[in-house]
Every structure is written in structure tokens, then in C-alpha cells.
Amino acid sequence: MRNVLVTGGSRGIGLAIARRLAASGDYNVIAVARRESEDLGRAIRGTGADRLHFRALDLDRTEEISTFVKELRGAFGEIYGLVNNAGIGTEGLLATMRNSEIEALIRLNVLSPIVLTKYVVRHMMASGAGRIVNISSIIASTGYNGLSVYAASKAAAAGFTRSLAREVGKLGITVNAIAPGFVDTELTRSLDDDGRRRIAGRSALRRLPEAEDIASMVEYLLGEGGRNITGTVLTVDAGNTA
Ligand SMILES: NC(=O)c1ccc[n+]([C@@H]2O[C@H](COP(=O)([O-])OP(=O)(O)OC[C@H]3O[C@@H](n4cnc5c(N)ncnc54)[C@H](OP(=O)(O)O)[C@@H]3O)[C@@H](O)[C@H]2O)c1
């Protein structure tokens, strides 16, 4: 059973990823977030075969990441997969956004996944195998009013992905990003039904992607089908940017 770490695995897209990988029977999933949600607790009890676990970590505390990874290795052994999914989507016009909000966004969406990847990839390099998936967003390349800082953080994920893929490919490790379109989760709760309908109406498939669709793509990248895919950004947006 291969160990996969899913950050932000307590709800939304991360929970869908954690659930799907655990249900596949191929992975032992460790979901990371600040708090274990009721839904994750239910999913853990539901898997039965002890394939889904929760470990608490505030990823804002980058200084704790190294010890956290060491403890995980001690408890679970080699880590095969890392899904950098935790993120916040603070909206705001740049001109009036507080510096503290800008820093918090960049810290969690950019700095934390880079530092976490650094400590996890070292072990992957030693074992000569590994799969890393970074969750970016279509906003990284499309642009959206009120999301400039968020967009910068998600563009960082794409740039990080491409260069790291070059760096660790020779050691048998793949690094890819997924760019989801609008998915209905807590992160996007500020958008009303009209806004959702508008986005769906502009999409080729006239609907929105769901968290499960992102989870399927992660499962594919981690599986046999993904062995020769690296350094790419895969869009899952029901054709919103087609
Ligand atoms: N929803 C969309 O439309 C959409 C579109 C494109 C990309 N994305 C990206 O997809 C990812 C997941 O988004 P989502 O919509 O599923 O968001 P969500 O429902 O708000 O879930 C965010 C997850 O991140 C965790 N998290 C937040 N702050 C954390 C911290 N400081 N330390 C550790 N964990 C933390 C949360 O758990 P705790 O609060 O308990 O810590 C939760 O599990 C994000 O990177 C987002 O940018 C989302």
C-alpha cells in the first residue's frame, strides 16, 4: 500500500481526493488540515480497512513542517504521493487589501507547499519514485477581478511544477499541476447562484466541474497511466477556458 499525503484533506476538493484514493484500495491516505471535519471523520470510519488517516498541522507554521514530515515517515514509512491542495481564496481589490491578507495568501498557497515538498521530495529522491500533484487554478492564466493575489499564488504553483519536474525527473519522480475551474466548495461560497449559472453558461459543457472530477485526475496521475506525464498543468474546468 502506497502512502499519499493530501493537504487540505478535511473538506472540499481535498476531501474528495482523500476519499477517492482511499477507496481505490491502492493507497494509504494521510489527510492533513488544521482540524478534522465531521465529513472526514465519517469517511475515516467508513473506509473500514484503516486506509484513511488524519494528522493535524497548521501549514502556515512552515517551521513545523520538517518535524511533521519526520513524524509521518516514522509512523507510516515511505511517502509515495504528495498532493498540495490546501489553500485559501481570499478575495479583494489589490489597492485596498490589507498587507496581512496578502501575506497570509502567499504564505499558505505558495510558501507552505514549497517547504512541504522540499522535505517530502528528499525522501522520494532517496527511494527513486514519487508523484507530486499541485493544485493550481484556471485563474492563474485567465484572470479574475478581485483575485489578483490569489492568481499570483496559483501561477506560482504552475511555475514551481514545471521546474521541479525538470529537477527530479531523473530520479523517477513526476510533478504535475491541476488547474480546476470553479468548483462548489466552502472556498467559493461567496459566489451566488446567478454567478454560478453564468460561469456554467460560459463553459463548453454548460456545467461546472465537481470536486470528484479533480479527484479522478489526481488518481490518474498517481496511477500507472500517469507514469510518463510530468511538468504539465492539466485543466479540469468543464470547458470554461476552451
Ligand atoms: N473551489 C474552487 O473553485 C477551486 C478552483 C480552483 C482551484 N482551487 C484550489 O483547490 C484547493 C482546495 O480548494 P477547496 O475549494 O477545496 O477549499 P476549501 O473547501 O476551503 O478547503 C480548504 C482545505 O484547506 C485546509 N486548510 C486551510 N488553511 C489551512 C492551514 N493553514 N493549514 C492546513 N490546512 C489548511 C482546510 O482545512 P482547515 O480549515 O481545517 O485547516 C481545508 O481542508 C485550493 O488550493 C484552491 O485554491 C479551488
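Read-outs throughout are calculated quantities, based only on the coordinates presented, and are distinct from any laboratory measurement. Computed from a predicted structure; not experimentally measured. When we count neighbours, we look across all protein chains shown, and the Cβ atoms used for this are built from the backbone with ideal geometry, even at glycine.
Quick one: net charge around ALA16, please, counting Lys, Arg +1 and Asp, Glu -1 for every other residue with C-beta under 11 Å from its C-beta.
Surrounding charge for ALA16 is -2.
Which order do the peptides 129-141, 24-36, 187-199 take when ranked by the mean count of other beta-carbon atoms within 10 Å per residue, highest first?
So the peptides 129-141, 24-36, 187-199, ranked by packing, come out 129-141, 24-36, 187-199.
How large is the charge dipole for the range 157-242, taken about the Cα centre, if only the Cβ atoms of Lys, Arg (+1) and Asp, Glu (-1) carry charge, to the nearest 20 debye?
The calculated dipole for the range 157-242 is roughly 400 debye.
So what J values fall out for the range 143-151 if you push phi through Karplus, 6.51 cos²θ - 1.76 cosθ + 1.60 with θ = phi - 60°, rounded to Hz, Gly and Pro as x?
x, 7, 4, x, 10, 5, 6, 4, 4
If I fit a long axis through the Cα atoms of helix 112-127 and take the longest principal axis of the Cα atoms of the chain, what angle between them do I get, 0 to 90°, rounded to 10?
Taking the Cα atoms of the chain, the angle to 112-127 is about 30 degrees.
What does the charge count near ILE138 come to, summing +1 for each Lys or Arg and -1 for each Asp or Glu among other residues with Cβ under 14 Å from its Cβ?
In short, 0.
Out of ILE132, ALA18, ASN3, whose Cα points farthest toward the positive end of the dipole of the range 1-137 (charges: +1 Lys, Arg; -1 Asp, Glu; placed on Cβ)?
Result: ASN3.
Counting only other residues whose beta carbon sits under 15 Å from that of VAL29, what net charge do I get with K and R as +1, D and E as -1?
Working: positive: ARG2, ARG11, ARG19, ARG20, ARG42, ARG45, ARG51, ARG55, ARG131; negative: ASP26, GLU36, ASP39, ASP50, GLU78, GLU219.
Result for the local shell: +3.
Given H placed 1.01 Å from N in the peptide plane, which residues other than close sequence neighbours of LEU5 have an amide H under 5 Å from its amide H?
Under 5 Å from the amide H of LEU5 lie the amide H atoms of ILE30, GLY81, LEU82, VAL83, each far enough along the sequence or on another chain.
Hey, which lysines would be in cross-link range of LYS70, C-alpha to C-alpha under 24 Å, not counting anything within fewer than 8 residues on its own chain?
Cross-link targets: LYS118.
What distance in nm lies between label points placed 7 Å from Cα along the C-beta direction at ALA242 and GLU36?
It works out to 4.2 nm between the two label points.
So how much slack lies between ALA95 and THR142, counting 0.36 nm per residue of separation and subtracting their Cα-Cα distance, in nm?
My answer for the length gained is 14.9 nm.
If you take the charge dipole of the range 2-236 about its Cα centre, with +1 on Lys and Arg Cβ and -1 on Asp and Glu Cβ, which of ASN228, ASN99, VAL218 is farthest toward its positive end?
The one lying farthest along the dipole's positive direction is ASN228.
In debye, nearest 20, what is the charge dipole magnitude of the range 2-236 about its Cα centre with +1 on Lys and Arg Cβ and -1 on Asp and Glu Cβ, if you could check?
With Lys and Arg at +1 and Asp and Glu at -1, about 440 debye.
For MET125 and ALA56, FRET efficiency with R0 = 22 Å and r from the beta-carbon atoms, rounded to 0.05?
With a Förster radius of 22 Å, E is 0.25.
Stretch GLU186-SER163 to full length: gain in nm at 0.36 nm per residue minus the Cα-Cα span?
Between GLU186 and SER163, full extension yields 5.2 nm more.
Rounded to the nearest 0.05, what FRET efficiency is calculated for ALA204 and GLU224 with R0 set to 45 Å and r the Cβ-Cβ distance?
0.95
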